[in-house]
Amino acid sequence: MSAKRSPRSADPASGPSTAGTGEGTARARPFPGRWTGPVVGLLVVGAALGAAQLAAAAVRSSPPVVAVGDAVVELSPTWLVETAITLFGTADKAVLLAGIVAVLAVSGGALGAVALRRPSVGFAGLAAFAAAGLAATRLRGADDPGAALSVVCAALAGAAALAVLLRSAGGTGGAAPPAGADGRDASGRGPGGTGDAAPGTAPGPVTDADTRTPGADEGRGARRPAGDDGSGGPSAPAGGDGSAPTGAGRRFVLTAAGVLAASGAAGTLGLRLPALLGGPPGRPAPALPAAAVPLPALPAGTDLGIPGLTPFSTPADEFYRIDTALTVPRLDASRWVLRVHGRVERPFEIDMEELLGLPLVEADITLSCVSNPVGGDLVGNTRWLGYPLADLLRRAGVRAGADQILSTSHDGWTCGTPTETVMDGRDALLAVGMGGRPLTHEHGFPARMVVPGLFGYVSATKWVTDIELTRFADRQAYWSDRGWAERGPVKTMSRVDVPGDFTRTAAGDVVLAGVAWSQHTGIDAVEVRVDDGEWWPAELARTPGADTWVQWVAETRVGPGMHAVEVRATDSSGYTQSSDEVETIPDGAEGRHRIRFTAE
């Protein structure tokens, strides 16, 4: 029972009272403040993501963010996917995942602000996000059956975090009543809801017994500063705005810190758990054997060694990567099996041990992506090691009419390759190595397809686990189903690497250099011109065959100012690149690459 208070009277000796007014003492910071709700929402998102990462790692599945990202890619129109690749190149996946996390953060912050006043809305929002996550996992449920579990764990962790944070912020799991400028709610009660003064304030008349301090100050009307708990103890340190955190505020900060720590620990453990559980090795086991008939070293003069010119052989860590897998599949080579079936006489399965025991061959092959714009860098060249795909198909016995090889990746992506192209004698491989080393996980470990002369979307299935012989009339592959051409032969293309676009160089003699390619057809000539003048032939480097790109070089003399360089290639069929520009959809870009540089 509180003491009966009498109206406060002025004390001429002591002057106006400052107790609870914020004048001369630290005043309580109203709680919850404007940022409390968004902070709650962000912490709930963090708790959900951390729990999802841990649960996904425990069952060797994909976290919900990846499942949602897969759904976005799956449902996006082709033009949007192409735009993303054009804008971000090989960073498109990182940008997509970062965008999903950003949307979750913004949505979580907004939802937290509402939940502080209406908790039911917060829990309903969590349920809606969980439903969206479960719907996303169903798109590829057969390939990732454990993905739904991580969504459920994320929802439960988020709900638990929301309940704890709301209880800490509002005292009952709901929001505290709106506070006025003096820290009291609309009914005149303090944050504690008891009718007592808010910490650090004096809401009503007080008696001398309430305000006088002991000792020397007694009898002079000196006021005792109110403590944080309203008991008259020492006040808490003031914040940067002269206010002091309330007890409820400190309680919320401690709770928030605990939620943040738990979320971070769960996420970190989830990232490290695969290694702790003995995840698949970074390299195949056993080691790759030598080729049955090794290729000779690259001929002298294959790489011109010009600074700024793309090297003839592309290192694995610089080789372009365009695929639909938002997280790189990490398969165990000892458990990998390839199934060959469909319209064949003798379906069979082959594992890595058997594959590596076959007579492997080497081939120098340039791969290029259909999404590569004119002058783009989604192209690379290396020496591959693998087993001839044609020999695999002969073992299976392809039936008449099976004009499509429908290959499937571990992550469910499909690719349709013309059967006749693989069987015409070219070096089409089931590859297990690149650049003299085993495949990396990013580039298809433990096995992938490589077919020279075709764009990757119809030939270069990574993490391949299934090959079905079928017909184009019966089945459509992933990109063909989205409007791309069924058969994607590469197009003759050339590029200027030196000088770089919009760079500066010294006036006078200038070296021009670049690469050109027309896989399985070959390049016969490359021509360049400066400032729309006459074309003149460039010098071609040597190549090991028609399935790779070729470097070219030319020299010219220019005066000061800005200049333009244009290049065109002629392939072995006699076709010369046209100036007509064609977009990448539906079967690859066309046009001549043109750069500008300034001579000084």
Residue hits (the range 480-494; part of a strand (DSSP E or B) and either within 29 Å of the chain's Cα centre (by Cα) or surrounded by fewer than 22 Cβ atoms within 10 Å (Cβ to Cβ) (or both)) are P489
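Of all the strands (runs of 3 or more DSSP E) wholly in the range 304-400, which have at least 1 residues that are closer than 17 Å to L439 by Cβ and free of Cβ contacts under 8 Å to residues at least 60 places away in the same chain? Can you show your working first?
Values: elements: 337-342, 348-351, 361-368, 379-388.
Result: 348-351, 379-388.
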Here are the criteria: (1) closer than 28 Å to D547 by Cα; (2) of a type in the set (D, E, K, R); (3) at pLDDT 95 or above. Tell me which single one R343 does not satisfy. (1)
Given (1) under 28 Å from A292 (Cβ atoms); (2) in contact with a strand residue (DSSP E or B) (Cβ under 8 Å, 6 or more places away or on another chain), D332 misses just (2)
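Considering every residue within the range 433-441, establish whether at least one is closer than 30 Å to A400 by Cβ and modelled with pLDDT under 95.
Residues of the range 433-441 that are closer than 30 Å to A400 by Cβ, as a first pass: none.
The answer is no; no qualifying residue exists.
Restricting to the range 401-424, name every residue that is assigned to a loop (DSSP other than H, G, I, E, B) and in contact (Cβ under 8 Å) with a residue 24 or more places away in the chain. Let's see the steps before the verdict.
Initially, the range 401-424 is screened for residues assigned to a loop (DSSP other than H, G, I, E, B), giving 401-403, 410-413, 423-424.
Selection gives G401, A402, D403, H410, D411, G412, W413, M423.
Checking the conditions here, which among G239, G282, G247 is modelled with pLDDT under 90 and closer than 28 Å to G386 by Cβ?
After ruling out the rest, the residue left standing is G282.
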Take the residues in the range 520-564 that are acidic (D, E) and part of a loop (DSSP other than H, G, I, E, B), then tell me which one is most open to solvent (accessible area, probe 1.4 Å). E534
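Give me the residue from the range 108-128 that is small (G, A, S) and without any contact (Cβ under 8 Å) to a residue 40 or more places away in the chain and, out of that set, least open to solvent (accessible area, probe 1.4 Å).
If we filter the range 108-128 for residues that are small (G, A, S), which is where we start, we get 108-110, 112-113, 115, 120, 122, 124-125, 127-128.
Filter once more, so that each one left must be without any contact (Cβ under 8 Å) to a residue 40 or more places away in the chain: 120, 124-125, 127-128.
Details: S120: 80, A124: 61, G125: 13, A127: 61, A128: 61 Å².
In this case the residue turns out to be G125.
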Residue set A485, A460; condition touching a residue at least 60 places away in the same chain (Cβ under 8 Å) and in contact with a Cys (Cβ under 8 Å, 6 or more places away or on another chain); output residue A460
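When you check E583 against the structure, is it in contact with a helix residue (DSSP H, G or I) (Cβ under 6 Å, 6 or more places away or on another chain), modelled with pLDDT under 95 and on the phi < 0 side of the Ramachandran plot, yes or no?
Values: in contact with a helix residue (DSSP H, G or I) (Cβ under 6 Å, 6 or more places away or on another chain): no; modelled with pLDDT under 95: yes; on the phi < 0 side of the Ramachandran plot: yes.
It is false that E583 is in contact with a helix residue (DSSP H, G or I) (Cβ under 6 Å, 6 or more places away or on another chain), modelled with pLDDT under 95 and on the phi < 0 side of the Ramachandran plot.
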Given the conditions (1) closer than 30 Å to E318 by Cβ; (2) modelled with pLDDT of 85 or more; (3) buried (at least 23 other Cβ atoms within 10 Å of the Cβ), and given that V66 satisfies all but one, which numbered condition is not satisfied? (2)
Mind counting the residues in the range 425-457 that are surrounded by fewer than 24 Cβ atoms within 10 Å (Cβ to Cβ) and touching a Cys at 6+ places or on another chain (Cβ under 6 Å)? 0
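Looking at V328, is it open to solvent by 30 Å² or more (accessible area, probe 1.4 Å) and either among the acidic types (D, E) or more than 30 Å from V65 (Cβ to Cβ) (or both)? I'd like the intermediate steps shown before the answer.
Details: open to solvent by 30 Å² or more (accessible area, probe 1.4 Å): yes; either among the acidic types (D, E) or more than 30 Å from V65 (Cβ to Cβ) (or both): no.
No; evaluated as a whole, the condition is false for this residue.
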Could you go through the range 568-575 and let me know if any residue there is buried (at least 19 other Cβ atoms within 10 Å of the Cβ) and not in a strand (DSSP E or B). no
Would you pick out the residues in the range 463-482 that are of a type in the set (A, V, I, L, M, F, W, C) and in contact (Cβ under 8 Å) with a residue 12 or more places away in the chain? W463, V464, I467, L469, F472, A477, W479
Would you mind telling me which numbered condition in (1) under 25 Å from the mean Cα position of the chain (by Cα); (2) in a loop (DSSP other than H, G, I, E, B); (3) among the charged types (D, E, K, R) E442 fails? (2)
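Residues are listed down the side, and each one gets a yes or a no for (1) within 30 Å of S76 (Cβ to Cβ); (2) within 24 Å of the chain's Cα centre (by Cα):
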residue	(1), (2)
L331	yes, yes
R343	no, no
R346	no, no
P359	no, no
E362	no, no
T366	yes, no
L389	no, no
R399	no, no
D411	yes, yes
The condition from (1) surrounded by fewer than 13 Cβ atoms within 10 Å (Cβ to Cβ); (2) modelled with pLDDT under 80 that T86 misses is numbered (1)
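The values are calculated or read from the model by the stated rules, or taken from the named source; none is laboratory data. Every value quoted in this text rests on a predicted model; they were computed, and no experiment measured them. Counting neighbours? That spans all protein chains shown, and the Cβs are built from the backbone with ideal geometry, glycine included. For the accessible areas, the whole protein counts, side chains as well, though only heavy atoms, and no ligand, DNA or RNA atoms are used. Shrake-Rupley method; radii C 1.70, N 1.55, O 1.52, S 1.80 Å.
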